[in-house]
Structures are given as structure tokens and as C-alpha cells.
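Here is the structure we will look at, set down as C-alpha cells.
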2 protein chains.
Amino acid sequence: MTGDQETAARMDWRDFDEDPLPPLLRTAVQTFVTHGYHGTSTRTLASAANMSVPGLYHHFPSKQAIIVAIMDHAMADLWRRSEAALAEAGADLEQQLQLHIECLVLFHAHRKELAFLAATELRSLEPVARARHIAARDRQERMLVEILRAGASHGVFVAPDPRQSARAMITMCTGVSQWFDAAGPLSAVEIAADYAGYAERIVGREHRP
Amino acid sequence: MTGDQETAARMDWRDFDEDPLPPLLRTAVQTFVTHGYHGTSTRTLASAANMSVPGLYHHFPSKQAIIVAIMDHAMADLWRRSEAALAEAGADLEQQLQLHIECLVLFHAHRKELAFLAATELRSLEPVARARHIAARDRQERMLVEILRAGASHGVFVAPDPRQSARAMITMCTGVSQWFDAAGPLSAVEIAADYAGYAERIVGREHRP
């Protein structure tokens, strides 16, 4: 194990109690979700955070810097959790798939607003940040593709097109952010378990009713 | 067959060659996708359609009326196609599932921009239109839930929670709008066939590698 992997294994990727975002970014997430990036002024962001506009500029040079910080945080947090889930699964490929799907569902249930911004405001990122976001999204997708590819080559999964089935699974999981209701009948943990079952059915060799 | 069902059966739900939107709404879709509803002015919409602002107001009383017309069109079009697919499938529940999924995938591949607006600008609809949109979305979801429920009660499908598995399938299919590339390696028809296979695996009694 490398040092990074040890850190990943120690991280509790199922824990969403604490939101590591600083208050200014947390209120900015709400404001962007409500009005959209283009419909939000720096003044609105400052006022939502109970700050003056110069006070806000003291922390972030622009509205763009704020959305970039939010998007970078979202992708980095999901990646760290996915790495920790992979480390927990060890070498068992079915377990890797189960925990990866569980991780995606929990993140998108607990971080609905971040998921909404990542899906809707990619268009608002300037070229460098946009390219970085797409690279992070591709890296995230590749982790699942590799699990499916390894599973297919070891005869554990039936995945003739791992990239295609990975995308189907990923959008199914990210879609949880569109409808999850913390007050609803199913908890995030229950949904995650059901979805891990769906993923297993999509590529599993055996049928498990 | 009722008159409505006959009309549905006659509609070619796989044909996306013609875009029935009037030019003003078609350019408005592009503008809203690029800048967001809140970031778009009536002046921008008029200019994108090569019209004057009074000319635009001659057709639509407000920016809100334009987004509402777009959203209503999207939901009505998807619904008509889904009804036609259901009529084509007849009484065979597996066939109903296959064609329903095929219909969802084709729509979301060929109508990416409409799907993006439906997912992102629900927040921008005023209360009456918003309630109507949600009702249309619920009716659309219910069609698949009913197929799965009927399949489960006839022993064709394994769907202990039809609403939950319907949602997983729907978001998987709507997700196609996020990444489909008409110039990509897979056509919409091929993706639709793969996705129908995934759906069948999620609820199918038999495993079909």
C-alpha cells in the first residue's frame, strides 16, 4: 500500500455528517442552485454570506473563482471517497463494484446540490477549469470502467462494452440527486443497496432474485 | 382501441428527423441552454430569432411564456411517443418494457437540449406551469411503473419495488442526453438496444448473457 492508499482506506467514505465547505461556499452553492450561475451576481453571493462585496473579494477574486472552488471540491471529494471504497473492497471485483455503486449513490443522495451544479454549470466554467472538471469526471468514470473491464476479463462480469455499461450505471446513480428526498420512504443506505443490486444484475454472471 | 390509442399507434415514435418547434422556440432552446433562463433576456431571445422585442411579444407575452411553451412541448412529445411505443408493444409485458426503454433513450439522444432544460429549468417555472410539468413527469414515470408492476404480478419481472427500479431505469435513460454524441461510435439505436438489455437484466427473471 502506498501512503495515498492508506489515507484512502482510513477515510470514512460513508460519512456525510460534516460538510467541509467553508460557509461562504456553502451559501454560494444554495444561491447558484436557486438562480443559476449567470443569474447570480457577486452582490447576491456576498449578501447570502452576510458579507460585503469587498469582504467577499478578500477571499475570492471573482464569481468564477467561487464556482470553480465548488466544482473542484465536489470532484475531489467524490474521488477520495471512491478511492477509499475501492481500498475497502480489496481484490474482490464483485465487492469493488458493490462498494463503488454504494459510494456513488450515497454521494449523490447526500450532496444533491453539488451534483446539480456539476451537471448544470459545466457550461459556466472558463476553459482551464472546464478542462480540469472534464478530466476529473473522466478519471472518475474510468475507475468504474476498469472494475468492469477487470471483471469481464476474469469472467466475473458480462460486460461486452464496459464503457457503455459504466455510463449507464453512473447516470443511474447520479440521477439519485434529482429525486432523493431525505424525508422520503427510503434512506440513502437502502437506495444504495438496491442500486448495487441493479448494477450486479446488469453485468453479473449469475441471476440473483 | 380508442381514437387516441389509434393515433398513438400510427405515430412513428422512432422518427426524430423533423423538429416540430417553431423557429422562435428552437432558437430560444439554444439560448437558454447556453446562458440559463435567468441569464437570458427577452432582448437576447429576440435577437437570436432575428426579431425585434415587440415582434417577439407579438407571439409570446413574456420570457416565462417561452420557457413554458418549450417545457410543455417536450413533455407532450415524449408522452405521445411513449404511448405509441406502448401501443406497438401490445399486451406482451417484456415487449412493453423493451420499447418503452428504447423510446426513452431515442428521445434523450435526439432531444438533448430539451432534456437539459427539463432537468435544469424546472426551478424557473412559475407555480402553475411548474405543477403542470411535475404532473406530466409523474404521469410519464407512472407508465413505466405500471409496466413493471404488471410484469411483477404476472411473474414476468422481479421488481419488488417497481417505483424504485423504474426511477433507476428512467434516470439511466435520461442520462443519455448528458453524454450522447451524434458523431460518437454508437448510434442512438444501438444505445437504445443496449439499454433495453440492461433494463431487462435489472428486472428480468431469466439471465440472458
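The values are calculated or read from the model by the stated rules, or taken from the named source; none is laboratory data. Here the structure is a predicted model, which means the values were calculated and not measured. Cβ atoms come from the backbone with ideal geometry, glycine included; neighbour counts cover every protein chain shown.
Among the residues in segment A:120-131, are any closer than 25 Å to B:Pro160 by Cβ, at the interface with another protein chain (Cβ under 8 Å from one of its Cβ atoms) and assigned to a helix (DSSP H, G or I)? No, every residue in segment A:120-131 fails to be closer than 25 Å to B:Pro160 by Cβ, at the interface with another protein chain (Cβ under 8 Å from one of its Cβ atoms) and assigned to a helix (DSSP H, G or I).
Filtering A:Ala89, A:Ala166, A:Ala109, A:Ala182 for residues that are surrounded by fewer than 20 Cβ atoms within 10 Å (Cβ to Cβ), over 20 Å from B:Ala115 (Cβ atoms), at pLDDT 95 or above and more than 10 Å from every other protein chain (Cβ to nearest Cβ) leaves a single hit, A:Ala89. Could you tell me whether segment A:197-209 includes any residue that is surrounded by fewer than 17 Cβ atoms within 10 Å (Cβ to Cβ), of a type in the set (Asp, Glu) and in contact with a His (Cβ under 8 Å, 6 or more places away or on another chain)? There is at least one residue in segment A:197-209 that is surrounded by fewer than 17 Cβ atoms within 10 Å (Cβ to Cβ), of a type in the set (Asp, Glu) and in contact with a His (Cβ under 8 Å, 6 or more places away or on another chain). State yes or no: is A:Pro162 touching a Lys or Arg at 6+ places or on another chain (Cβ under 6 Å) and of a type outside the set (Gly, Ala, Ser)? Judged against the criteria, A:Pro162 is a match. State which residue is surrounded by the fewest Cβ atoms within 10 Å (Cβ to Cβ) when the search covers only segment A:13-52 and only residues that are part of a helix (DSSP H, G or I) and among the basic types (Lys, Arg). Going through the qualifying residues, I end up with A:Arg43. Just so you know, in segment B:36-52 the residues that are touching a residue at least 24 places away in the same chain (Cβ under 8 Å) and away from chain A (no Cβ under 14 Å) include one that is nearest to the chain's Cα centre (by Cα), and it is B:Ala49. For segment A:53-72, a residue qualifies if it is more than 14 Å from every other protein chain (Cβ to nearest Cβ) and surrounded by 17 or more Cβ atoms within 10 Å (Cβ to Cβ), and the qualifying residues are A:Leu56, A:Phe60, A:Ile66, A:Val68, A:Ala69, A:Ile70, A:Met71. Checking each residue in segment B:23-35 for being without any contact (Cβ under 8 Å) to a residue 24 or more places away in the chain and away from every other protein chain (no Cβ under 14 Å) picks out B:Arg26, B:Thr27. May I ask you to list the residues in segment A:17-50 that are farther than 25 Å from B:Thr120 by Cα and at pLDDT 95 or above? Once the filter is applied, which keeps residues that are farther than 25 Å from B:Thr120 by Cα and at pLDDT 95 or above, segment A:17-50 yields only A:Asn50.
Results for (1) under 19 Å from B:Trp79 (Cα atoms); (2) free of Cβ contacts under 8 Å to residues at least 40 places away in the same chain; (3) away from chain A (no Cβ under 12 Å); (4) in contact with an Asp or Glu (Cβ under 7 Å, 6 or more places away or on another chain), shown as yes or no for each residue.
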residue	(1), (2), (3), (4)
B:Glu146	yes, yes, yes, no
B:Ile170	yes, no, no, yes
B:Ala199	no, no, no, no
B:Gly204	no, no, no, no
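From the list A:Glu141, A:Glu126, the lone residue that is in contact with a Lys or Arg (Cβ under 8 Å, 6 or more places away or on another chain), modelled with pLDDT of 95 or more and surrounded by fewer than 18 Cβ atoms within 10 Å (Cβ to Cβ) is A:Glu141. The helices (runs of 4 or more DSSP H) falling completely within segment B:137-209 that include 3 or more residues that are in contact with a helix residue (DSSP H, G or I) (Cβ under 9 Å, 6 or more places away or on another chain) and hydrophobic (A, V, I, L, M, F, W, C) map to B:162-174, B:188-203. From the list A:Ala183, A:Ala131, exactly one residue is of a type in the set (A, V, I, L, M, F, W, C) and more than 27 Å from B:Tyr37 (Cα to Cα). Which is it? Sole residue among the options that is of a type in the set (A, V, I, L, M, F, W, C) and more than 27 Å from B:Tyr37 (Cα to Cα): A:Ala183.
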